[in-house]
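Down below is the structure, laid out as C-alpha cells.
The values are calculated or read from the model by the stated rules, or taken from the named source; none is laboratory data. From a predicted model like this one, the values you see are computed outputs, not experimental measurements. Cβ placement follows ideal geometry from the backbone for every residue including glycine, while neighbour counts extend to all protein chains displayed. Surface areas here come from the heavy atoms of the whole protein model, side chains and all, with no ligands, DNA or RNA. Shrake-Rupley method; radii C 1.70, N 1.55, O 1.52, S 1.80 Å.
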Amino acid sequence: MTGSSVNEERLLGRLRELGSIGRDKDGRLVRLAASDADKDGRDRLIAWMQEAGLDVAVDRIGNIFGIWAPIQADDTAKPLMLGSHIDTVINAGVLDGCYGVLSGLEVVETLKSEGFNPSRPIAIAAFTNEEGVRYAPDMMGSLVHVGGLDADEALATVGTDGSVLGEELARIGYAGPHQPGFLQPHAYIELHIEQGPILEREETPVGAVENLQGISWQRVTIEGDANHAGTTPISMRRDAGLAAARVITFLRDRATASNTPTVATVGCMEFEPNAINVIPSKATFTVDLRDPDEEKLLAEEAALATYLDTIADDEQVTITTKCLARFQPVTFDSGIVAAVVEAATARGLKSKRMTSGAGHDAQMIARIAPSGMIFVPSIGGISHNPKEFTPDTDLVAGANVLLDVVRNLTAPEN
C-alpha cells in the first residue's frame with residue numbers, strides 16, 4: 001500500500017533543529033556521546049517522542065526508546081524497531097544517524113494520523129555512542145543491547161578526555177533504569193544516508209542494503225631509538241617513523257593491487273618525541289581494515305601481521321599491536337531487502353541492492369533479529385563533515401519508502 005506520505009515540513013524542520021543543537025563557539029556541530037551537547041539533543045528528541053504520544057524508556061547504557069503500542073496490538077508481540085543514533089563526530093554534518101531516528105519518529109506519527117493499527121508495537125531507538133569518538137568501541141550502545149559487550153564494562157570505559165562513560169551518563173541524566181536488551185525487536189530497519197558516492201553516481205535515489213563490511217581496528221606501536229637527526233647515519237638508525245611510513249604504503253599498495261573491495265586506512269598517528277631534529281623513537285598509529293567477505297578480511301589481517309614482522313627485522317624495531325574492535329561482515333535479511341526494493345518500485349523510484357562500507361547499529365541488531373537498511377544518496381559521497389548533504393527530495397523519498405515498508409511489515413495480517 002502506498003499513497004500517503006510523511007509530513008515533509010515536520011521531518012526537515014526537525015533535522016534542522018536537531019542540527020542546531022551542539023554547536024561550539026566556532027559553529028561546528030559537536031555532539032559527542034554523554035556530553036552536555038548530547039544531553040541537549042537527547043532532551044529535544046524525547047520531547048518530540050512524548051509529543052507524539054510515545055512511551056519513552058532509557059536503559060543503563062543510555063539507549064533511548066520511544067514505543068508505540070496501540071491498544072489493539074498484541075501486548076506480547078515484539079516490536080518492529082526503527083532507529084539509529086544522534087551522537088556525532090567532531091565538526092559533523094546534520095544527517096548522519098539523526099536522519100534515521102527522526103524518520104522513524106515521522107513514520108510513526110504519519111501512521112498514527114492515518115488511524116493505522118499495527119499488528120505489533122513499533123519502537124524508535126536512538127543508540128548511545130555509535131560514533132565512538134569519545135568512547136571506544138563505536139556502535140557501543142547497540143553492541144551492549146545485543147549482549148556483545150557487558151554493560152558494566154562499557155560503563156567503565158574511559159574516554160579520550162579522561163571521563164568515565166557511566167559517570168557522564170549519570171551526570172547528564174541518562175543512566176536509565178532498564179537493563180540493556182530489555183526490549184527485544186521482532187525486526188529492525190535503519191534508514192541512513194549512504195556516506196558514499198555510489199547512489200549519486202548512478203542517479204539512484206534508494207539503496208537496499210544487502211550486506212555490510214567487516215571491520216578490523218588495530219593500534220600499532222613501533223619502538224626504535226631517538227637520536228640526533230644530523231649526526232646519526234641512515235644505516236645506524238632505528239627509525240620508528242620510517243617503519244610506520246612503510247606500513248602505510250604497504251597497506252595502500254596492497255589495497256590498490258587487490259581485485260577485492262578491501263579498503264585500508266591509517267587514521268591516527270603520533271610520533272615521540274615529535275621533534276623536528278630527532279629521529280622518532282616511537283610511532284603509534286591505527287589501522288582500519290574493511291571487507292564484506294570474512295575470509296578476505298582475515299587474509300588482510302594476516303598479511304599485515306606478516307609485514308609487521310618483516311619491518312621489525314628490516315628496521316631493527318619492536319612492534320606490538322592491540323585489537324581495538326573487530327566486527328564480522330553482516331548479511332541483512334533478504335525479506336527486508338526485498339520489501340525495500342518493492343516499496344521503492346511502488347513509488348516509481350529506482351533502487352539498487354548494495355553493500356554498506358560504513359559500520360552501523362543495524363549490524364549489531366542483526367545478531368538478534370532480522371535487520372535491514374535503506375540508503376539515500378550522499379552528494380559527493382561526503383559524510384562526517386559539515387558539507388554532508390542530501391537533497392530534501394531524496395530525504396523525503398527515503399522516509400516514504402521506510403513508511404511503506406513499516407506499514408507492510410506491521411499490517412494486521414502480518
>> Suppose every Lys and Arg Cβ carries +1 and every Asp and Glu Cβ carries -1, with no other charges. What dipole size does the chain come out with about its Cα centre, to the nearest 20 debye?
In response: 320 debye
>> Assuming 0.36 nm per residue, please report the length gained on full extension of the stretch A136 to E17 beyond their Cα-Cα distance.
In response: 40.1 nm
> Ordered by residue, what ³J(HN,Hα) values in Hz, to whole numbers, does region 228-234 give under the Karplus form 6.51 cos²θ - 1.76 cosθ + 1.60, where θ = phi - 60° and Gly and Pro are x?
Replying inline: 5, 6, x, 9, 9, x, 3
>> Can you compute the FRET efficiency between H178 and E114 using 1/(1 + (r/R0)^6), with r the Cβ-Cβ distance and R0 = 35 Å? Round to the nearest 0.05.
In response: 0.70
> How high is the FRET efficiency between R353 and S4 when r is their beta carbon distance and R₀ equals 30 Å, given to the nearest 0.05?
Replying inline: 0.70
> Using r as the Cβ-Cβ distance of T76 and I379, and R0 as 56 Å, what FRET efficiency do you calculate, to the nearest 0.05?
Replying inline: 0.80
>> Checking understanding here: applying a Kyte-Doolittle mean of at least 0.0 and a length along the axis of at least 20 Å (C-alpha), which whole DSSP H helices in the chain pass?
In response: 98-114, 240-257, 392-409
> Given K78/K112; K296/K322; K25/K282, which pairs have Cα atoms separated by over 24 Å?
Replying inline: K25/K282
> Using a simple spin-label model with points 7 Å from Cα along the Cα→Cβ vector, what separation in nm is obtained for H228 and R367?
Replying inline: 5.5 nm
> Based on the Kirkwood radius over alpha-carbon pairs, what is the Stokes-Einstein translational diffusion coefficient of the chain at 4 °C with 1.567 mPa s viscosity, in µm²/s?
Replying inline: 57 µm²/s
>> Once you compute Rg and the Kirkwood Rh from C-alpha atoms, what is the Rg to Rh ratio for region 82-121?
In response: 1.15
> What 222 nm value per residue comes from the helices of the chain, counting each DSSP H run with n ≥ 4 as -39,500 (n - 2.57) and dividing by all residues, nearest 500 deg cm²/dmol?
Replying inline: -10500 deg cm²/dmol
>> What is the distance in Å between the Cα centroid of region 187-205 and that of region 287-366?
In response: 17 Å
> What ranking do 18-25, 334-341 get when scored by the average of other Cβ atoms within 10 Å per residue, highest first?
Replying inline: 334-341, 18-25
> Excluding same-chain residues fewer than 8 positions from K350, which aspartates and glutamates have a Cα within less than 14 Å of its Cα?
Replying inline: E200, E202, E203, E342, D394
> How would you classify region 153-197 from its alpha-carbon gyration tensor, with a ≥ b ≥ c the square roots of the eigenvalues: rounded for a/c under 1.5, else prolate if a/b is greater than b/c, otherwise oblate?
Replying inline: oblate
> Taking a probe of 1.4 Å, how large is the accessible area per residue of the chain, in Å²?
Replying inline: 42 Å²
>> Give me the extension gain from D26 to R254: residue separation times 0.36 nm, minus the current Cα-Cα distance, reported in nm with one decimal.
In response: 78.1 nm
>> As a test of reading the structure, rank Y307, Y135 by solvent-accessible area (1.4 Å probe, protein chains only), most first.
In response: Y307, Y135
> Once fully extended, how much extra length lies between V263 and T393, figured as 0.36 nm per residue of separation less the alpha-carbon to alpha-carbon distance?
Replying inline: 43.7 nm
>> Quick check: with the 1.4 Å probe, what order do D288, D26 take by accessible area, largest first?
In response: D26, D288
> How much of the accessible area of the chain, probe 1.4 Å, is carbon plus sulfur, in whole percent?
Replying inline: 49 percent
> Where the eigenvalues come from the Cα gyration tensor of region 214-327, what are the semi-axes √(5λ) of the equivalent ellipsoid, largest first, in whole Å?
Replying inline: 28, 13, 11
>> Please report the spacing between the Cα centers of region 246-273 and region 107-181 in Å, no decimals.
In response: 32 Å
> Dipole magnitude of region 214-327 about its Cα centre, charges +1 at Lys/Arg Cβ and -1 at Asp/Glu Cβ only, in debye to the nearest 20?
Replying inline: 240 debye
